[in-house]
Amino acid sequence: MDVAAAAYVLRPPGWVKLVAAAGEEAQRADAERADDENRRELERLREELTGARAQTKSETERLRTELDGARKEAESLHRKLRSAQSDVKRGEAALRRALAEIETVRSEAATQVSAAESETRRIRARLAEAESAVESSRRAAREGRSTEDMRLRLLLDTVLESAQGLRRELALPPASGRPADTVDAVEPGRMSPKDVAARALSDMDPALLDQLLALPQAHLLVDGYNVTKTGYPTMPLEKQRLRLLGGLAMLAAQTGAEMTCVFDGAELAAPVLLAPPRGVRVLFSKPGVTADELIRQLVRAEPAGRPVVVVSTDREVADGVAKAGARPVASALLLKRLSRV
């Protein structure tokens with residue numbers, strides 16, 4: 001451009017060629033610069049294309065991976081759908097079977113209810129007949145019992161009047177004692193309520209002793225130490241006596257039978273301080289006399305025919321009282337009966 005401008009201004013010989021050559025050179029330089037820019041732009045575009053291709057490839061791979069995952073998920077969902085459809089079909093079949101069974105059960109229940117109602121009506125009819133028969137029987141029993149009661153009352157009045165007449169005839173005094181009171185023995189000393197120890201009880205019930213004590217005017221004679229040493233031998237003698245007498249007192253209150261408890265007093269240095277419980281006579285044998293001998297004396301003192309029950313496991317005592325007309329029973333039987341008290 002400088003050469004062309006100088007030639008144009010100075011106009012030397014051949015300046016037109018110089019200007020034309022300078023213009024061509026300028027055009028060639030512009031063309032080269034344009035080619036360089038085009039090449040750089042082409043390189044840039046090629047690099048962008050390469051990056052775009054790489055990005056497109058990675059995006060394509062990602063999309064292909066997602067597509068594969070979607071296909072697998074779709075296949076899994078299809079399998080689950082087929083399984084769910086199969087379950088639904090099975091459920092529908094089971095529901096139909098259940099409905100059929102329910103219908104069968106309802107039909108059977110209706111049949112049973114109908115049969116039950118028929119049976120109930122039949123039983124009610126029989127019950128009404130039975131009630132009518134029972135009422136008729138009650139009326140007949142009341143009528144018959146009134147006659148029997150009248151006869152029994154008349155007989156009882158006759159017996160009572162005869163007994164009163166016999167008492168007046170014989171001039172018998174009122175009974176103030178019992179045969180057991182006539183036997184010579186040592187009675188225990190008295191003690192205050194605060195000296196009484198607690199009474200231990202437990203639970204069992206034989207019926208034999210109850211039956212014996214239910215006899216009229218029954219008298220129970222107890223070999224005290226024989227019973228306590230059978231039931232609770234490790235306790236001190238004082239507590240053994242208190243425990244046995246406590247049970248006998250409650251048994252006497254329940255049965256109303258006369259009760260006498262005999263203890264061996266041969267080895268006692270002094271009288272025993274003891275408050276005999278209500279309904280129980282307590283006796284200690286004198287020195288030189290055993291409790292077994294005292295029991296035999298008490299049995300012999302009773303009138304013939306009176307129910308006397310002797311509690312002892314001593315074979316000699318049992319045999320002796322049995323010969324005298326008393327009924328011997330084992331100590332264990334009394335212990336079992338007292339465990340119910």
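What are the pairs, 6+ residues apart or on separate chains, where a residue within region 112-126 that is of a type outside the set (D, E, K, R) has its Cβ under 7 Å from a residue that is surrounded by 10 or more Cβ atoms within 10 Å (Cβ to Cβ) and assigned to a helix (DSSP H, G or I)?
none
Residues in region 261-277: is at least one open to solvent by 30 Å² or more (accessible area, probe 1.4 Å), in contact with a helix residue (DSSP H, G or I) (Cβ under 6 Å, 6 or more places away or on another chain) and under 25 Å from residue 214 (Cβ atoms)?
no
With respect to residue 180, determine if the residue is at pLDDT 75 or above and in contact with a Ser or Thr (Cβ under 8 Å, 6 or more places away or on another chain).
Answer is yes for this residue.
Please go through region 302-320 and pick out each residue that is in contact (Cβ under 8 Å) with a residue 60 or more places away in the chain and surrounded by 15 or more Cβ atoms within 10 Å (Cβ to Cβ).
302, 306, 307, 308, 309, 310, 311, 312, 313, 314, 317
Suppose we keep only residues that are open to solvent by less than 40 Å² (accessible area, probe 1.4 Å) and among the small types (Gly, Ala, Ser) within region 214-230. Which one would you say is farthest from the chain's Cα centre (by Cα)? Give the steps one after another, and end with the answer.
Step one: list which residues in region 214-230 are open to solvent by less than 40 Å² (accessible area, probe 1.4 Å), which gives 218-228.
Restricting the remaining residues to those that are among the small types (Gly, Ala, Ser) gives 218, 224.
Numbers: 218: 43, 224: 41 Å.
Once the filter is applied, the top-ranked residue is 218.
Looking only at strands (runs of 3 or more DSSP E) that lie completely in region 211-326, which have at least 2 residues being at pLDDT 90 or above and more than 19 Å from residue 337 (Cα to Cα)?
Where strands (runs of 3 or more DSSP E) fall fully within region 211-326 and carry at least 2 residues being at pLDDT 90 or above and more than 19 Å from residue 337 (Cα to Cα), they are 280-284.
Name the residues in region 321-332 that are closer than 25 Å to residue 241 by Cα and open to solvent by 30 Å² or more (accessible area, probe 1.4 Å), would you?
Within region 321-332, 327, 328, 330, 332 qualify.
The values are calculated or read from the model by the stated rules, or taken from the named source; none is laboratory data. All of these numbers come straight from a predicted model, not from anything done at the bench. Cβ coordinates were reconstructed from backbone atoms using ideal geometry, including for glycine residues, and neighbour counts include every protein chain displayed. Quick note on the areas: whole protein, heavy atoms, side chains included, nothing else; ligands and nucleic acids left out. Shrake-Rupley method; radii C 1.70, N 1.55, O 1.52, S 1.80 Å.
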